[in-house]
Structure formats: C-alpha cells, structure tokens
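Participant: The following block contains the structure, expressed as structure tokens.
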Amino acid sequence: MTSTATSSLASLRSDASVRRGQALHFVMDGQRVQAFAGESVAAALMAAGHRTLRQSPRDGAPRGAFCFMGSCQECLVWVGARKLPSCQVVVSEGLEVESLAWREARP
Ligand code: FES
C-alpha cells in the first residue's frame, strides 16, 4: 500500500473562519482527492487523510510530509515526468500525482 487514508483523518480541515480557493480535484495514485485552489499537494493529501507518501528505502518505515517547506524531501511524489516535493507543488484541477511506489509498480 502506497498511501494511507482513513476517514477519521478526513476532518483535519478547519472550516470555521477559513477562506479557501475554489474546490477542485486532483488524482493521487488513481484516486480523486478533493482540494482547494492555492493548497499544496502535500497539504491537500494530509487533509484528505493520506499520511504515508512513501516508505523508507532503509527499513521500509512509513514516511510523509514533515517540514512543508521543501527541505526534508520526505514528501516526494511524481508529477508527470518529475519527482518533486509535494509540499512545493500547488494543486490544480485534474493534476495527476503518483507516489514513488505506485509509479514503480506500474507496468
Ligand atoms: S514536507 Fe519536507 S520537503 Fe515536503
């Protein structure tokens, strides 16, 4: 399994007194994920309950977004032909994102 989504984490978004961009969807490992214009992929994934974005190559431990500023590289994903930190990629309608494991498992 490449990412973890649990319904109990879906409530991470604060709805009170928050102005958001337009609602949109992008695709993560073949699944539609709701987001709002202006959010990073990492933030939208976390809000949707996707905490694990990859596994440690050393011991297989789950890894996920940590610094949210492009330094730790724990949130790497594929966006098209580029491997990028998901915290540095702004969501857009229909954006296709793949976890490292998902891309590697593709035929
Ligand atoms: S969370 Fe650290 S680089 Fe994205």
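The values are calculated or read from the model by the stated rules, or taken from the named source; none is laboratory data. Since the model is a prediction, treat every value here as computed from it, not as a measurement. Cβ placement follows ideal geometry from the backbone for every residue including glycine, while neighbour counts extend to all protein chains displayed.
Participant: From the residues in the range 16-36 that are farther than 19 Å from Gly80 by Cα and small (Gly, Ala, Ser), which one is modelled with the lowest pLDDT?
Facilitator: Among them, the one singled out is Ala16.
Participant: Here are Gln31, Gln55, Gln22: which of them is away from the ligand (no atom under 15 Å from the Cβ) and under 13 Å from the mean Cα position of the chain (by Cα)?
Facilitator: Gln31
Participant: I need the full set of residues from the range 58-89 which are in contact (Cβ under 8 Å) with a residue 40 or more places away in the chain, within 13 Å of the ligand (Cβ to nearest atom) and surrounded by fewer than 17 Cβ atoms within 10 Å (Cβ to Cβ), in order please.
Facilitator: Scanning the range 58-89 gives a single hit, Gln88.
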